[in-house]
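> This is the structure I have questions about; it appears just below.
Each reported figure results from applying straightforward, stated rules to the coordinates on display, with no laboratory input. All of these numbers come straight from a predicted model, not from anything done at the bench. A quick note on method: Cβ atoms are made from the backbone with ideal geometry, for glycine too, and the neighbour counts reach across all protein chains shown.
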């Protein structure tokens, strides 16, 4: 019986003649990672399957086998720090929805498993089939893996009200030159003390936070499709389209052109999808699905 009351029937493990092995997560993932028979089985299977994947905390099982050592990986954002701490040889990237490193795929928690599955279908059968599956699931858009699990502004959650207001100020003035000295002056601190407290409260350096916010705002405007990349770069403080593109590739692993193209396909598909659905005038549609008004 699963933790949510759904009965799950277990079957004996079959010989390792399958193509893709997916390790699912859940409350018991950490305990399973300590089961020697399971770890030995997954370790042997990893050498024979074409593709290995994990969903959510299933990454802890893969981590225990050692197959993630030296690779990029992700898991549920709430357990990413634990994964990085317990397995320092893994390059844990907590903001990613899913990551592919070689033949090993890892995904974030809960619905990110759907994004991972659609990406696997797309890799095997192409974008058209993946889109058809997404339509059946009432999932509008196959999000690229580089989309953040959480907004950097939501992730920050500083306890200090001063820093909460400061994060909002940064977003409002993102087109301007924002230095540590300028931020420190706003909160009446020395630059050195400000940098130390900022990192403690927000979790990243001021420079990193500013870049993340610039990237968020830029991605929103790229997806909207109204302004040129040069205009967007200037309006969010990247100074040039080339510098903005470099940041997109480095952090999101995707170019602004690709993200805009995906957004355009999504909006076209959404219009077509809603036009063919009965009663959609009474529903509020979101990227992740439909919620009745």
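> So, R0 is 51 Å and r is the distance between the beta-carbons of residue 181 and residue 110; what FRET efficiency does that work out to, to 0.05?
0.80
> Taking the mean number of other Cβ atoms within 10 Å as a proxy for protection, how do you rank 19-27, 70-78, 55-63 from highest to lowest?
The peptides rank, most packed first, as 55-63, 70-78, 19-27.
> On to the next question. Taking every eigenvalue of the Cα gyration tensor of region 20-136, multiplying by 5 and rooting it, what semi-axes result, largest first, whole Å? Mind dumping the intermediate values first?
Working: eigenvalues 106, 49, 32 Å².
Listed largest to smallest, the semi-axes of region 20-136 are 23, 16, 13 Å.
> Using R₀ = 45 Å, calculate the FRET efficiency as 1/(1 + (r/R₀)^6) where r is the Cβ-Cβ separation of residue 267 and residue 91; round to 0.05.
Values: r = 34 Å, r/R0 = 0.76.
Result of the calculation: an efficiency of 0.85.
> When DSSP beta bridges are limited to those with both residues in region 30-136, what percentage is antiparallel, rounded to the nearest 5?
In region 30-136, DSSP labels about 45 percent of beta bridges as antiparallel.
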